[in-house]
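Q: Okay, handing you the structure first.
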Amino acid sequence: MTGELVNYNSLGVSSMADELRVVTSEDQLREIVVRTTSTNVPLTVLGGGTNVVLRKHLRGLVVVLGLKGIRSLPEGVEVVRLTAAAGENWHHLVRYSLGRGWYGLENLALIPGTVGAAPIQNIGAYGVELAERFVSLRAMDRRDGSIREFDRASCQFAYRDSLFKPKEHSPENSADVDRYIILDVTLLLSRQPRPILGYPEVKRELMNLGVTQPTPTQVAEAVIRIRRRKLPDPANCGNVGSFFKNPLVDEMFARNLLSRESELRTYPAERRMVKLSAAQLIDLCGFKGERRGRVGVWRRQPLVFVNLGLATGEDFLSLAEEVQQKVFARYEVTLQIEPRVLGEP
Ligand code: EPU
């Protein structure tokens, strides 16, 4: 049975899969993995579909991961280990943990998507990355349906990146591209509140709320308010959050660039690199609020592209290309698309 995917991706684009199945158990998934591998049928796995750009046609079978369940294991008085199945909603997990007095996920409130997708791009916001709370995950190997456990080091987390995120420009990694399907994720949370307020916007928001010594729940509240104000709700206006990564450039390049373009904001990053603000680059190129047919650049955060109605994945990619070209022409900086692009060109 062919499957229309419009309801399975937060961009809200129409896309047709040769076959579509929603999977609710690991046994079902193993059966599908073994069958598609032995018959050479392409298999695409979707979680919440909140970080993908779907082209019009997806060959083979598309599986929507509906694995559910949350388990906790106290570890002494201080910390709790929480294991959540891949198909659980991420924000639900954040609220679930806060409700039980287990802290550490508050800055990651309201990020769309599922638990299983969270490690792939190492979700991060307002000063916290998933990697900092991560213990391990279980994943199914597509080659034979076996299950393997990955600890933090073997996941190779970096900014919006992990072992599980296919790399466009490294064919040597292609044997492992998409090799593993994440089944569940284990996190380490604390019973001691330790609010992380390094992000000035969060501090400001809490001040506006009249809070000086915030509880983790109040931090989550502040983050939710900021996100609601800045980012469009995918339920009303199709989007995938940031469409590009913030570019990392080396220090020398950044110095040269700043000597020409002094208004650019820079942030120190790992390995003596410098992070630029993609939002600012796009903004300065005049794209804020711009529309191209059925797609547009969000007026309050130009890093976010929105579906203005009946847009296709191809519409988004052509807007992305226009933005990339203009930013490159002006700053010689290449913006990398952050969500995964799936389907036949
Ligand atoms: N900015 C502009 N013009 C604008 C909006 C923002 O110049 O119209 C500048 C801001 O002044 C600021 C900078 O852009 O200096 C950063 O803005 P923001 O706080 O929104 O952060 P971001 O770097 O644009 C990243 C993540 C978001 C995450 C926020 C908060 C990436 C690709 N994006 O955005 O994550 O919520 O930080 O931590 O790293 C996502 O990945 O989908 C996502 C939404």
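The values are calculated or read from the model by the stated rules, or taken from the named source; none is laboratory data. Keep in mind that what you see is a predicted model, and the values were worked out from it rather than measured. Surface areas here come from the heavy atoms of the whole protein model, side chains and all, with no ligands, DNA or RNA. Shrake-Rupley method; radii C 1.70, N 1.55, O 1.52, S 1.80 Å.
Q: Counting only helical runs of four or more DSSP H residues, what would the 222 nm mean residue ellipticity of the chain come to if each run contributes -39,500 (n - 2.57) and the total is spread over all its residues?
A: Working: 8 runs with 88 residues, N = 345.
Calculated at 222 nm, the ellipticity per residue is -7500 deg cm²/dmol.
Q: Go ahead and set up a Gaussian network model of the chain, Cα springs under 10 Å, then flag whichever of Leu258, Leu98, Leu29 fluctuates most.
A: Looking only at Leu258, Leu98, Leu29, the biggest GNM fluctuation is shown by Leu258.
Q: Taking a probe of 1.4 angstrom, what is the accessible area of Ile182 in Å², to the nearest 10?
A: 10 Å²
Q: Next question, about the same structure. Is the stretch 248-342 best put as rounded, prolate or oblate by its Cα gyration tensor, with a ≥ b ≥ c the root eigenvalues, rounded for a/c under 1.5, and otherwise prolate when a/b is larger than b/c, oblate when not?
A: prolate
Q: May I ask what percent, to the nearest 5, of DSSP beta bridges between residues of the chain are antiparallel?
A: Expressed as a percentage, antiparallel bridges in the chain total about 75.
Q: If I build a Gaussian network model for the chain, linking alpha-carbon pairs within less than 10 angstrom, which residue out of Arg299, Arg148, Arg100 has the largest mean-square fluctuation?
A: Among Arg299, Arg148, Arg100, the largest GNM mean-square fluctuation belongs to Arg100.
Q: Here's a follow-up. Using a/c under 1.5 as the rounded threshold, could you call the stretch 104-237 rounded, prolate or oblate? The axes a ≥ b ≥ c are square roots of the C-alpha gyration tensor eigenvalues, and prolate needs a/b larger than b/c, oblate otherwise.
A: prolate
Q: Using the heavy atoms of the protein chains alone and a 1.4 angstrom probe, what is the accessible area of the chain per residue in square angstrom?
A: 48 Å²
Q: Using a 1.4 Å probe on the protein chains only, how many percent of the accessible area of the stretch 94-234 belongs to carbon and sulfur?
A: Values: 3190 of 6570 Å².
Carbon and sulfur: 49 percent of the exposed surface of the stretch 94-234.
Q: Measure out, as a whole number of angstrom, how far apart the alpha-carbon centroids of the stretch 176-210 and the stretch 211-277 sit.
A: Each part reduced to its Cα centre gives a spacing of 15 Å.
Q: Could you work out how much longer the chain between Ile147 and Arg229 gets when fully extended? Use 0.36 nm per residue separation minus the Cα distance between them, nm to one decimal.
A: 25.4 nm
Q: Here is a follow-up. Kindly count the pairs of lysines across the chain whose alpha carbons are less than 14 Å apart, treating pairs on different chains or eight or more residues apart as eligible.
A: Values: Lys165/Lys245; Lys167/Lys245; Lys230/Lys288; Lys245/Lys275; Lys288/Lys326.
Count of close lysine pairs: 5.
Q: Would you mind pulling out the separation of the Cα centroids of the stretch 298-345 and the stretch 21-50, in Å?
A: The distance from the Cα centre of the stretch 298-345 to that of the stretch 21-50 comes to 29 Å.
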